[in-house]
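> Can you read through this structure? Questions will come right after.
The values are calculated or read from the model by the stated rules, or taken from the named source; none is laboratory data. This is a predicted model, so every value here is computed, not measured. Cβ placement follows ideal geometry from the backbone for every residue including glycine, while neighbour counts extend to all protein chains displayed.
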Amino acid sequence: MIAYYKREFLAYFRSPIGWISIALYALIGGFFFSSWLPLGRIDMAGESAFLSGILFIIIPIITMRLFSEEKKSGTDILMYTSPVNLAGVVTAKYLAALTLFLMMNMVIPLHMLIVISFGGRVDAMAWGAFIALILLGSVFIAVGTLASAATENQIVSAMISFTVLLLSQYVYVFAGQFRSLAVSLLGALNVFGIEASQIDGIGKGIEKAINWIDPYTHLETLFIGMFRFPPVFFCVSVDVLLVFVAYRLIEKRRWSQNG
Amino acid sequence: MIEIKRLTKYYGDKMALNNVSFDVKDHELLGLLGPNGAGKSTLMNILTGYLSSTSGTVSVNGHDILEDPTTVKSMIGYLPENPPLYQDMTVREFLVFVCELKKVPREFREKIVAEVLSLVKIYDVAGRVIRNLSKGYKQRVGMAQALIGNPEVLIFDEPTIGLDPKQIIEVRNLIRTLKKNHTIIISSHVLAEIQSMCDRVVIIYEGKIAAINTPLALSGMMSASSRLMITVDSSSERVSDVLRGISGVTRVSRIREENDVLQFELFTDRGTDIRREVFSAMAGNGWPIIEMRVNELSLEDIYLGVTDTAARKGEAK
C-alpha cells in the first residue's frame, strides 16, 4: 500500500498535473487574498469558501488518471498479479490524491501566517472554513476516484466527476424543486385526503432528505466557525463508502473482463 | 510444482479454455504453443491470478491460486505480452517499486535491484526514464520486474515478440540461464523458439490441449515414417533400383537431378535406421555419397499436423 501511495504521489510531480494544480490553486487563492489588501482586512474564511467553488474543476483533473491510466497502459496486470491487497491499493491511490490536495491547500495556512505576522487575527471561522474545505475536497476526491475506477478512459472519468461535482453544488436547488413538485402533486391528486399542512410537511421531509446527501449542508456549520463532530463523521463515512465502492468496481471489472 | 486441473474459462458465451489439465515439474522449461487466440494468454493470466477461471483449479507448490492468492502470487514472476511498466519512472525507481510490491526487505532492495539489472543487462540504462527506452530494453525491464523477489516460477508471455534478431538471441540465452534456478513457462507462436528452448511443449488449439510432449517425442509421434535425404555423385538410372532394394525402404522419391548428381528421399518404417545399408550399397557400386541426412519433422510440421487433426475432428463433429 505504501509503495502505491508513494508512486502515485510522486507521479503527480513527474507530470505537469501536480505542479499545475498547486500553481493554479495558489494563484486563485493569492488573487482572492490580495484583492482584500486595499481594504485593510482579510476574509480568510471567505478564501476557503471561494476556493471550494473551483474544486469541481481541479479535483477531476487530479483524480482522472488514478485507475484509468493503469488499464490503458497495461500496468493493472502488475497490480493484480503482485502479492498486494487490492483494497489497500485503492486506498493508497485515494490518499495520494488527498495528499496532493492537502499540499495545494497549504496556501491558506501560508496566508494565515502572513495575516498573523502583520498583527492580524485568524478566528475560528477561518479555521472552520479551512477544515470544511479539506473535508469537502476529501469527498470530491472520493467521487473522482470512483469515476476513475468506473472507466478506462481518463477523459470520460474527468467528465463524470466534473458533472457529478458540478451538480452537487445545486443539490439544494433540486431539493427545493422536488419539494414543490411533491407538494403540488400531492395537492392535485389528493386521493388519501391528506391535510394541506401535512402535505407541506411531506414536502419539507423530501427536501430535507435530499439535502442530507449534500456535503455542503453538513459543512455549513463549519464554514461559519462552529466545530461539530457530525460533519466530520459524515464526510469521512462518505469517503470510506465511495472508496469501498471503487474497490468493488475494480474487483468486479477484473473478473468480468474479456481479456 | 504447478498443477493445472480441468481448467475452463468462458468469456460470455465464448469458451476460451476447455478442460485444460497438465503439470509443470520443478526447473522445467515448458512451452505453450498455439496460434493467436488459442487461449495461451488466458491460461497464463489465470495461472498468475490476473483472471479467474470459470471452473478448474491451479495450484503452485500445493497452494491454490484462489484460496491462497497472496502466497501463490509471491511465488510467480510474470511478464505479460505487453510489459507492465510505469513509463514515467526510471528503470531503477520502477524496480525498487516492484521490490516494495513483492515485499523485499528494505535492506536487500538495492542489492537485488543491482543483481537483476546486471542479469538482464540493463545496468547502463538504470537511470533512464522507461518512456525513452527502446522496445528491446523495455522488454528486458519487464523481465527484470518478473525476476525481482527471486520467484520460483517465471511465466513469460511471448518474451521475444517485437525484438530484433540479436535481442531475441540474448533473451533466449537469458531464459536458458534462468532455467537453472527457476521453473519457467513461456508462450510463443514462434515454433523454432519453443523447439530450441523447451523441455516440454503444450500445444493449445481452440482452448484445448492438442498435444503435450518433448519437442523430440512430438516429432516422433507425428511422424508415420522416417525420411532420409541422400545425394549421390552418379547419373546411373540403377541408383534408385538399388535404393529400393535395401531392406526397410518403403518408398524412394527422386527429388533432383543436376550435373551428374542425383538426390533422393527414402521413406522407411518408423524406427528403422537404414543409413549403414545405404552407405554400403552406394560404396559397393562405386557411387560416392555427397550428402546424407535424416529429415526430422520440424515443430512446424507437428504443429500444423496436430492443429489440422484437431480441426478435422471438429469438422467431423
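> Keeping to the stretch A:186-230, report how many residues are of a type outside the set (S, T, N, Q) and over 30 Å from A:ASP43 (Cα atoms).
Within the stretch A:186-230, residues that are of a type outside the set (S, T, N, Q) and over 30 Å from A:ASP43 (Cα atoms) number 22.
> For the stretch A:129-150, does any single residue satisfy the condition of being of a type in the set (Gly, Ala, Ser), within 30 Å of A:GLY40 (Cα to Cα) and surrounded by fewer than 22 Cβ atoms within 10 Å (Cβ to Cβ)?
There is no residue in the stretch A:129-150 that is of a type in the set (Gly, Ala, Ser), within 30 Å of A:GLY40 (Cα to Cα) and surrounded by fewer than 22 Cβ atoms within 10 Å (Cβ to Cβ).
> Within the stretch A:160-190, which residues are within 13 Å of A:ILE57 (Cα to Cα) and in a helix (DSSP H, G or I)? Steps first, please.
Our first condition is that a residue be within 13 Å of A:ILE57 (Cα to Cα); within the stretch A:160-190, this holds for A:160-169.
Of everything in the stretch A:160-190, those that are within 13 Å of A:ILE57 (Cα to Cα) and in a helix (DSSP H, G or I) turn out to be A:ILE160, A:SER161, A:PHE162, A:THR163, A:VAL164, A:LEU165, A:LEU166, A:LEU167, A:SER168.
> Which members of the stretch A:7-22 meet the condition of being more than 8 Å from chain B (Cβ to nearest Cβ) and free of Cβ contacts under 8 Å to residues at least 60 places away in the same chain? Please lay out each step first, then the result.
As a first pass, look at the stretch A:7-22 and keep what is more than 8 Å from chain B (Cβ to nearest Cβ): A:8-10, A:12-13, A:16-22.
Residues satisfying the conditions are A:LEU10, A:PHE13, A:PRO16, A:ILE17, A:TRP19, A:ILE20.
> Report whether or not B:VAL58 is within 27 Å of the chain's Cα centre (by Cα), assigned to a helix (DSSP H, G or I) and over 22 Å from B:ILE169 (Cβ atoms). Explain how you work it out, then say what you get.
Values: within 27 Å of the chain's Cα centre (by Cα): yes; assigned to a helix (DSSP H, G or I): no; over 22 Å from B:ILE169 (Cβ atoms): yes.
Taking the combined requirement at face value, the residue does not satisfy it.
> Hey, another quick one. Working carefully through the options B:GLU257, B:GLU315, B:GLU237, B:GLU291, find the one that is among the acidic types (Asp, Glu), at pLDDT 90 or above and not assigned by TED's automatic domain parsing to the domain that holds B:ILE203.
Numbers: B:GLU257 fails: at pLDDT 90 or above; B:GLU315 fails: at pLDDT 90 or above; B:GLU237 fails: at pLDDT 90 or above.
Testing whether each residue is among the acidic types (Asp, Glu), at pLDDT 90 or above and not assigned by TED's automatic domain parsing to the domain that holds B:ILE203 leaves just B:GLU291.
> Does A:PHE67 count as in contact with a helix residue (DSSP H, G or I) (Cβ under 6 Å, 6 or more places away or on another chain), at pLDDT 90 or above and more than 11 Å from chain B (Cβ to nearest Cβ)?
On the way: in contact with a helix residue (DSSP H, G or I) (Cβ under 6 Å, 6 or more places away or on another chain): yes; at pLDDT 90 or above: no; more than 11 Å from chain B (Cβ to nearest Cβ): yes.
So A:PHE67 fails the test.
> Counting only residues that are touching a residue at least 40 places away in the same chain (Cβ under 8 Å) and within 14 Å of chain B (Cβ to nearest Cβ), which one in the stretch A:216-252 is surrounded by the fewest Cβ atoms within 10 Å (Cβ to Cβ)?
The selected residue is A:GLU251.
> Please verify whether B:ASN82 is under 19 Å from the mean Cα position of the chain (by Cα) and either under 30 Å from B:ALA210 (Cβ atoms) or within 14 Å of chain A (Cβ to nearest Cβ) (or both), treating the condition exactly as stated.
Taking the combined requirement at face value, the residue satisfies it.
> Taking into account only those residues within the stretch A:161-172 that are surrounded by 14 or more Cβ atoms within 10 Å (Cβ to Cβ), in contact (Cβ under 8 Å) with a residue 60 or more places away in the chain and of a type in the set (A, V, I, L, M, F, W, C), which is farthest from A:ALA142 (Cα to Cα)?
A:PHE162
> Taking the options A:ILE213, A:ILE194, A:ILE206, name whichever one is within 28 Å of the chain's Cα centre (by Cα) and loosely packed, with under 15 Cβ neighbours inside 10 Å.
Numbers: A:ILE194 fails: within 28 Å of the chain's Cα centre (by Cα); A:ILE206 fails: loosely packed, with under 15 Cβ neighbours inside 10 Å.
Sole residue among the options that is within 28 Å of the chain's Cα centre (by Cα) and loosely packed, with under 15 Cβ neighbours inside 10 Å: A:ILE213.
> Which is within 11 Å of chain A (Cβ to nearest Cβ) and either of a type in the set (S, T, N, Q) or assigned to a loop (DSSP other than H, G, I, E, B) (or both), of B:VAL104, B:VAL96?
Values: B:VAL96 fails: either of a type in the set (S, T, N, Q) or assigned to a loop (DSSP other than H, G, I, E, B) (or both).
From the options B:VAL104, B:VAL96, the qualifying one is B:VAL104.
> Would you please name the residue that is nearest to A:MET103 (Cα to Cα), looking only at residues in the stretch A:23-40 that are surrounded by fewer than 20 Cβ atoms within 10 Å (Cβ to Cβ) and touching a residue at least 60 places away in the same chain (Cβ under 8 Å)?
The extreme case among them is A:ALA26.
> Within the stretch B:55-67, is even one residue at the interface with chain A (Cβ under 10 Å from one of its Cβ atoms) and out of contact with any strand residue (DSSP E or B) (no Cβ under 6 Å at 6 or more places or on another chain)?
At the first step, the residues of the stretch B:55-67 found to be at the interface with chain A (Cβ under 10 Å from one of its Cβ atoms) are none.
No; the residues of the stretch B:55-67 include none that is at the interface with chain A (Cβ under 10 Å from one of its Cβ atoms) and out of contact with any strand residue (DSSP E or B) (no Cβ under 6 Å at 6 or more places or on another chain).
> With (1) touching a residue at least 60 places away in the same chain (Cβ under 8 Å); (2) facing chain A (nearest Cβ under 10 Å); (3) in a loop (DSSP other than H, G, I, E, B); (4) in contact with a strand residue (DSSP E or B) (Cβ under 8 Å, 6 or more places away or on another chain) as the list, and B:ASP88 as the residue in question, which single condition is left unmet?
Failing condition for B:ASP88: (1).
> Within the stretch B:10-54, how many residues are more than 16 Å from B:ILE155 (Cβ to Cβ), assigned to a strand (DSSP E or B) and in contact with a Leu (Cβ under 8 Å, 6 or more places away or on another chain)?
Within the stretch B:10-54, the subset more than 16 Å from B:ILE155 (Cβ to Cβ) is B:10-16, B:18-19, B:21, B:35-38, B:52, B:54.
Next cut, assigned to a strand (DSSP E or B) only: B:10-11, B:14-16, B:18-19, B:21.
Still in the running and in contact with a Leu (Cβ under 8 Å, 6 or more places away or on another chain): B:19, B:21.
Result for the stretch B:10-54: 2.
> So, B:GLY127, is that one within 11 Å of chain A (Cβ to nearest Cβ) and touching a strand residue (DSSP E or B) at 6+ places or on another chain (Cβ under 8 Å) or not? Show your work before the answer.
Numbers: within 11 Å of chain A (Cβ to nearest Cβ): no; touching a strand residue (DSSP E or B) at 6+ places or on another chain (Cβ under 8 Å): yes.
In short, no.
> Scan the stretch A:70-109 residue by residue and report those that are over 25 Å from A:ILE155 (Cβ atoms), within 13 Å of another protein chain (Cβ to nearest Cβ) and polar (S, T, N, Q).
Those that are over 25 Å from A:ILE155 (Cβ atoms), within 13 Å of another protein chain (Cβ to nearest Cβ) and polar (S, T, N, Q): A:THR81, A:SER82, A:ASN85.
> For B:VAL58, state whether it is over 19 Å from B:ARG200 (Cβ atoms) and of a type in the set (A, V, I, L, M, F, W, C).
When the stated conditions are applied, B:VAL58 does not pass them.
> Here's a follow-up. Given the conditions (1) surrounded by 23 or more Cβ atoms within 10 Å (Cβ to Cβ); (2) more than 8 Å from chain A (Cβ to nearest Cβ), and given that B:ILE76 satisfies all but one, which numbered condition is not satisfied?
(2)
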